[in-house]
Every structure is written in C-alpha cells, then in structure tokens.
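Asks: My structure is below; once you've seen it, I'll send some questions.
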Amino acid sequence: MSNSPLTPGVVAERLSPAAYADNFSDVQPVLDRHEARVAADRCYFCFDAPCMTACPTSIDIPLFIRQIATGTPDAAAKTIFAQNILGGMCARVCPTEQLCEEVCVREVAEGKPVEIGRLQRFATDTLMGKGVHPFTRAASTGKRVAVVGAGPAGLACAHRLALKGHDVVIFERHAKPGGLNEYGIASYKTPENFAAREVEWLLKIGGITVKTGVELGRDITLAELEKDYNAVFLGIGLAGVNALRAAGEDLEGVRNAVDFIAELRQSDKPSVAVGRDVVVIGGGMTAVDAAVQSKLLGANSVTMVYRRGKDKMSASEYEQDHATQSGVRIIYGAAPVKVLGAESVKGVEFAYTHDGPNGLELGETFTLKADQVFKAIGQMLAAAPVAKDGAKLVKQQGKIWAGGDCAAGGEDLTVTAVAEGRDAAEAIHAALMGRGA
C-alpha cells in the first residue's frame with residue numbers, strides 16, 4: 001500500500017489488497033436453496049401478474065417462482081431463459097425496484113416485494129453452474145445472418161436466430177464480446193468475470209461465430225454485409241459521449257465516466273488510479289457506478305452533481321441510496337459552468353439551477369475542489385450507419401434490423417436491449433422463412 005485516501009492527485013494503490021477484495025466482492029450474494037424457497041413462498045402467484053407485465057422481456061415470473069418453491073430451479077431457469085437468454089446478468093443489474101418489484105402486490109400492500117431479482121439469480125446461477133445449455137438448436141436453414149455488436153441486443157438476437165437453425169456471425173469492435181455487460185457495468189455487481197462466463201455459456205447453443213476487433217465502417221461496410229448475408233442486425237450501442245460544453249473540460253484529470261468504468265472492468269483494481277477529490281457530473285446509472293467505484297478505490301471525497309432534482313434523476317432511488325451509503329455526496333440542482341485549473345483540473349465551478357419560463361436557468365455559483373472529474377451526462381450514436389440507398393438507421397430497413405441503445409427509443413437497460421434483440425430475431429426469422437416480418 002504505497003498511497004492512502006489522503007494522498008494528493010490521481011494515484012493508484014490507495015488501499016490495502018484486503019480492502020480492494022472486500023470492496024469489489026459480490027454486492028448481493030446468491031440465495032441458498034433454503035433461502036430461495038422461503039422467499040418464493042411469499043409470492044401469491046397472481047393471475048395476470050403485474051410483475052410480468054412490468055418486465056420488458058415478459059418473463060413468466062409467477063411460474064418460475066412457483067418452480068423454485070416446488071424444488072425445481074432448473075425448470076425455473078429454463079422458464080426465464082426462454083424469454084431472456086441473459087437472465088443471469090439481468091438478475092444482477094436490472095433495476096427491479098423500478099420494474100417487476102415496484103408493481104409486486106406485496107410491495108403495494110406491505111412495502112416489501114417478493115425478491116424477484118434474487119430469485120431469478122438463484123435459478124439462473126443454479127442451471128448455469130452445471131455448465132449445460134437448456135435449449136437445442138433446430139436443423140440448419142442454410143440462411144446466414146450478420147450481427148454487428150456483441151452487446152446484450154446482439155447476443156440475444158444471435159442466440160434466438162441460432163436456436164431457429166440460422167448460421168450467425170457476430171462482428172464486435174472490442175477485444176471481448178459482451179458490450180455494456182463486459183465494459184459498462186460496475187465491477188462489484190458482476191464479479192468473478194461473470195459477463196465473459198455468461199457469453200461462453202450462451203454460445204453453447206452452437207451456430208454462432210464471434211469475430212472481435214472488427215468495426216463497422218472501418219473493417220466492414222453495411223453494403224458488404226447486405227451482399228454477403230441474408231439479413232443484418234445492428235446492435236452497435238452508443239459509442240459517443242456527450243460533452244459538458246463548459247470551459248476547461250479538456251484539462252488533464254477530466255475523462256469520460258464510461259472509459260473509467262471500462263478500465264476498471266478490465267484491470268486489477270489496485271492498479272487503477274483515482275483522485276483524492278473526485279467530482280462526477282451526471283445523474284444516471286453510469287454516474288452512480290463511476291462515483292461509487294471511485295469511493296471503493298479509495299478516493300477521500302466523491303461528489304455527484306446533477307442539474308435537476310432528485311425526482312428527475314434517471315438512476316433509481318435505490319441506486320442513489322446505495323451511492324450515499326457508500327460515502328458519495330449527491331448535490332441536486334446544479335450545472336457545471338467551468339472546469340478550473342491550468343494544465344490539470346483543480347476544481348469545478350457550478351451554478352445552482354431552477355426551472356424558469358425558458359427552461360433550466362442558472363443562479364448562484366459555487367466551487368468544488370477536484371483533482372479528477374468524470375463526465376457522465378449521456379451517450380450518443382457516434383456515427384449512424386446507413387443502408388446502401390442512403391436511408392438512415394431505423395428499427396428495420398430492408399434486410400437490416402436494429403435494436404438496443406443504437407435504435408430509436410433505446411433505454412440504456414440490459415433487459416430492454418435483450419427484448420429488442422430477441423424480437424428482431426423473431427422478425428428476421430419470419431422474413432427469412434417467407435412468412436413476412
């Protein structure tokens with residue numbers, strides 16, 4: 001331990017090895033068999049269950065919980081995977097407090113929902129831990145489909161297409177498949193390399209080839225894919241990052257939160273440098289993940305600043321509470337005006353905000369000390385690919401389908417991306433087999 005939380009500047013090794021191991025251990029360990037059956041017994045197994053309606057992938061939640069309650073977790077896992085092949089990851093990262101658990105009858109009546117997310121993890125981990133795949137691939141159709149992007153949407157699409165007998169090639173620009181799950185989620189939510197293990201398990205269906213280090217527009221073109229494949233699915237995510245549009249944002253010590261999270265996911269934790277005084281600008285899950293992990297790496301003070309009120313923050317109240325419980329300070333209703341410093345960042349000047357007749361208006365200013373600033377104010381499509389006729393990217397264009405965050409209406413949720421990839425695969429299959437999309 002060469003440094004401490006009080007060491008000035010942006011440095012690595014602020015904590016002891018034991019502290020890093022503890023800080024980045026599983027934030028919510030899996031239930032054991034007895035705990036799972038007790039939790040499952042709280043479910044009313046509602047007819048027309050609101051939890052099922054609230055799930056973007058429409059998992060039959062009452063059914064899989066009943067299967068756990070009756071001692072058949074493998075069957076429960078198959079029920080989950082039939083709708084969401086990335087159900088293991090979603091059990092870890094889904095904002096269940098805003099989706100299925102928020103509308104649970106127990107939550108409405110008692111303020112304590114059935115632990116749907118943890119029960120889903122119990123079932124999926126049980127089956128995946130056996131190293132078996134629950135589905136068998138159909139006979140080959142002779143059709144070939146290109147999937148661009150190995151994130152949740154692309155993987156879900158590829159798996160469903162392979163299941164139906166199509167041959168799929170996934171092109172991924174990163175060195176590893178997984179997309180958001182591999183590069184963009186807090187390490188403490190998916191420890192022990194779970195994202196990579198899940199992809200390996202998913203590929204057991206067969207019929208899927210993954211080519212990494214291949215980027216659309218650089219190594220392959222949309223026209224080439226249209227020519228060589230019967231259909232194309234684009235699940236390229238959002239590679240661009242919004243700018244602060246504030247003076248000084250190019251100073252040393254200012255970086256994109258998504259890059260920091262990706263570095264942390266791919267590195268030994270002690271080797272990742274973090275500031276003594278960290279400021280995170282933004283109010284979404286990326287901002288929360290960057291802020292919490294800065295604190296877990298040993299930053300002395302971490303402050304999140306969001307330009308609107310708590311109720312407007314896209315990160316759930318659960319995640320906001322988790323951040324504050326981890327030692328993160330959250331300031332609502334303030335926007336960055338200027339990043340301060342000569343060569344490297346020394347602080348950030350903010351202005352308090354309020355809603356006026358012309359939108360968000362700035363008021364009194366204040367300054368936060370900072371030697372590291374993370375920008376987490378949203379991502380954008382870096383360069384939209386076009387079809388050969390010049391049409392812009394849409395949900396479907398000729399032989400081309402799109403889903404996940406790159407398509408209109410992306411919600412920056414793994415579960416939504418899975419649903420869009422799965423549904424696109426069904427549409428592609430129908431088109432390829434002559435039944436219409």
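Asks: Considering only residues that are open to solvent by less than 20 Å² (accessible area, probe 1.4 Å), of a type outside the set (Val, Ile, Thr) and over 17 Å from ILE68 (Cβ atoms), which ones fall in segment 117-152?
Replies: Hits for segment 117-152 are ALA146, GLY149, ALA150, GLY151, PRO152.
Asks: Can you tell me which residue is surrounded by the fewest Cβ atoms within 10 Å (Cβ to Cβ) among those in segment 42-77 that are aliphatic (A, V, I, L, M) and over 22 Å from PHE194 (Cα atoms)? Steps first, please.
Replies: Start the filter on segment 42-77 by keeping residues that are aliphatic (A, V, I, L, M), which leaves 49, 52, 54, 59, 61, 63, 65, 68-69, 75-77.
Next cut, over 22 Å from PHE194 (Cα atoms) only: 49, 52, 54, 61, 63, 65, 68-69.
Values: ALA49: 21, MET52: 18, ALA54: 18, ILE61: 28, LEU63: 16, ILE65: 28, ILE68: 27, ALA69: 19.
Ranking the candidates gives LEU63 first.
Asks: Please enumerate the residues belonging to segment 197-215 that are open to solvent by 20 Å² or more (accessible area, probe 1.4 Å), within 30 Å of ALA139 (Cβ to Cβ) and out of contact with any strand residue (DSSP E or B) (no Cβ under 6 Å at 6 or more places or on another chain). Let's see the steps before the verdict.
Replies: Of the residues in segment 197-215, the ones open to solvent by 20 Å² or more (accessible area, probe 1.4 Å) are 197, 200, 203-204, 206-215.
Add one more test, that the residue is within 30 Å of ALA139 (Cβ to Cβ), and what stays is 197, 200, 203-204, 206-212, 214.
Across segment 197-215, the qualifying residues are ARG197, GLU200, LEU203, LYS204, GLY206.
Asks: Being in a loop (DSSP other than H, G, I, E, B), under 29 Å from the mean Cα position of the chain (by Cα) and closer than 23 Å to GLU97 by Cα: is that true of GLN67 here?
Replies: Working: in a loop (DSSP other than H, G, I, E, B): no; under 29 Å from the mean Cα position of the chain (by Cα): yes; closer than 23 Å to GLU97 by Cα: yes.
The answer is no for GLN67.
Asks: Give VAL145, VAL114 a once-over and let me know the one that is more than 21 Å from ALA91 (Cα to Cα) and at pLDDT 95 or above.
Replies: Going through VAL145, VAL114 in turn, just one is more than 21 Å from ALA91 (Cα to Cα) and at pLDDT 95 or above: VAL145.
Asks: Please verify whether TYR183 is among the hydroxyl-bearing types (Ser, Thr, Tyr), open to solvent by less than 50 Å² (accessible area, probe 1.4 Å) and over 19 Å from the mean Cα position of the chain (by Cα), treating the condition exactly as stated.
Replies: Values: among the hydroxyl-bearing types (Ser, Thr, Tyr): yes; open to solvent by less than 50 Å² (accessible area, probe 1.4 Å): yes; over 19 Å from the mean Cα position of the chain (by Cα): no.
No: the conditions fail for TYR183.
Asks: How many residues are open to solvent by less than 10 Å² (accessible area, probe 1.4 Å) and either in a strand (DSSP E or B) or of a type in the set (S, T, N, Q) (or both) when one looks only at segment 158-171? Let's see the steps before the verdict.
Replies: First, pick out the residues of segment 158-171 that are open to solvent by less than 10 Å² (accessible area, probe 1.4 Å): 158-159, 161-162, 165-166, 168, 170.
Right, trim to either in a strand (DSSP E or B) or of a type in the set (S, T, N, Q) (or both) and you get 168, 170.
So the count comes out to 2.
Asks: Next up: Exactly one of these conditions fails for THR96: (1) buried (at least 22 other Cβ atoms within 10 Å of the Cβ); (2) touching a residue at least 24 places away in the same chain (Cβ under 8 Å). Give me its number.
Replies: For THR96, the failing item is (2).
Asks: How many residues does segment 1-41 contain that are of a type in the set (Lys, Arg), open to solvent by 80 Å² or more (accessible area, probe 1.4 Å) and under 18 Å from LEU296 (Cα atoms)?
Replies: 0
Asks: Continuing with the same structure: Would you confirm, using the coordinates I've provided, whether ASP355 is among the acidic types (Asp, Glu) and in a helix (DSSP H, G or I)? Steps first, answer last, please.
Replies: Values: among the acidic types (Asp, Glu): yes; in a helix (DSSP H, G or I): no.
Considered against the rule, which asks whether it is among the acidic types (Asp, Glu) and in a helix (DSSP H, G or I), ASP355 comes out as no.
Asks: Can you pull out every residue in segment 9-31 that is free of Cβ contacts under 8 Å to residues at least 40 places away in the same chain and within 29 Å of THR126 (Cα to Cα)? Give the derivation first.
Replies: We begin by selecting, within segment 9-31, every residue free of Cβ contacts under 8 Å to residues at least 40 places away in the same chain; these are 16, 18, 21-22, 29.
The answer is ALA18, ALA21, ASP22, PRO29.
Asks: In segment 100-116, which residues are surrounded by 21 or more Cβ atoms within 10 Å (Cβ to Cβ) and either aliphatic (A, V, I, L, M) or more than 13 Å from ILE65 (Cβ to Cβ) (or both)?
Replies: Scanning segment 100-116 gives VAL114, ILE116.
Asks: Sticking with this one: Give me the pairs: first residue in segment 59-84 and without any contact (Cβ under 8 Å) to a residue 12 or more places away in the chain, second residue assigned to a helix (DSSP H, G or I) and open to solvent by 10 Å² or more (accessible area, probe 1.4 Å), beta-carbon distance under 8 Å, and six or more apart or on different chains, which are they?
Replies: Note: pairs meeting the criteria are ALA75/GLN67.
Asks: Residue by residue through segment 238-269, note down the ones that are under 21 Å from ALA196 (Cβ atoms) and surrounded by fewer than 20 Cβ atoms within 10 Å (Cβ to Cβ).
Replies: We begin by selecting, within segment 238-269, every residue under 21 Å from ALA196 (Cβ atoms); these are 239, 258-269.
Of everything in segment 238-269, those that are under 21 Å from ALA196 (Cβ atoms) and surrounded by fewer than 20 Cβ atoms within 10 Å (Cβ to Cβ) turn out to be ALA239, ASP259, ALA262, GLU263, GLN266, SER267, ASP268.
Asks: Identify, by number, the condition in (1) assigned to a strand (DSSP E or B); (2) touching a helix residue (DSSP H, G or I) at 6+ places or on another chain (Cβ under 8 Å); (3) open to solvent by 20 Å² or more (accessible area, probe 1.4 Å) that SER314 doesn't meet.
Replies: (1)
Okay, residues lined up against (1) under 25 Å from VAL27 (Cβ atoms); (2) under 25 Å from the mean Cα position of the chain (by Cα); (3) assigned to a loop (DSSP other than H, G, I, E, B):
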| position | (1), (2), (3) |
| --- | --- |
| LYS112 | yes, no, yes |
| ASP125 | yes, yes, no |
| GLY142 | no, no, yes |
| ALA146 | no, yes, no |
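Asks: Further question on the same structure: Given the criteria open to solvent by 30 Å² or more (accessible area, probe 1.4 Å), charged (D, E, K, R), modelled with pLDDT under 95 and more than 19 Å from GLY404 (Cα to Cα), does ARG218 qualify? Break it down into steps so the answer makes sense when it comes.
Replies: On the way: open to solvent by 30 Å² or more (accessible area, probe 1.4 Å): yes; charged (D, E, K, R): yes; modelled with pLDDT under 95: yes; more than 19 Å from GLY404 (Cα to Cα): yes.
Yes; evaluated as a whole, the condition is true for this residue.
Asks: Here's a follow-up. State which residue pairs qualify: first residue touching a residue at least 40 places away in the same chain (Cβ under 8 Å) and within 25 Å of ASP74 (Cα to Cα) and inside segment 134-146, second residue in a loop (DSSP other than H, G, I, E, B) and open to solvent by less than 60 Å² (accessible area, probe 1.4 Å) in any location, beta carbons under 7 Å apart, and separation of 6 or more residues or different chains.
Replies: Cβ pairs passing all conditions: ARG137/GLY165; ARG137/GLY206; ARG137/GLY207.
The values are calculated or read from the model by the stated rules, or taken from the named source; none is laboratory data. Worth saying up front: this structure is predicted, and the values here are computed from it rather than measured. All Cβ positions, glycine included, derive from the backbone under ideal geometry; neighbour counts span all protein chains shown. In case anyone asks, the SASA skips ligands and DNA or RNA and just uses the protein heavy atoms, side chains included. Shrake-Rupley method; radii C 1.70, N 1.55, O 1.52, S 1.80 Å.
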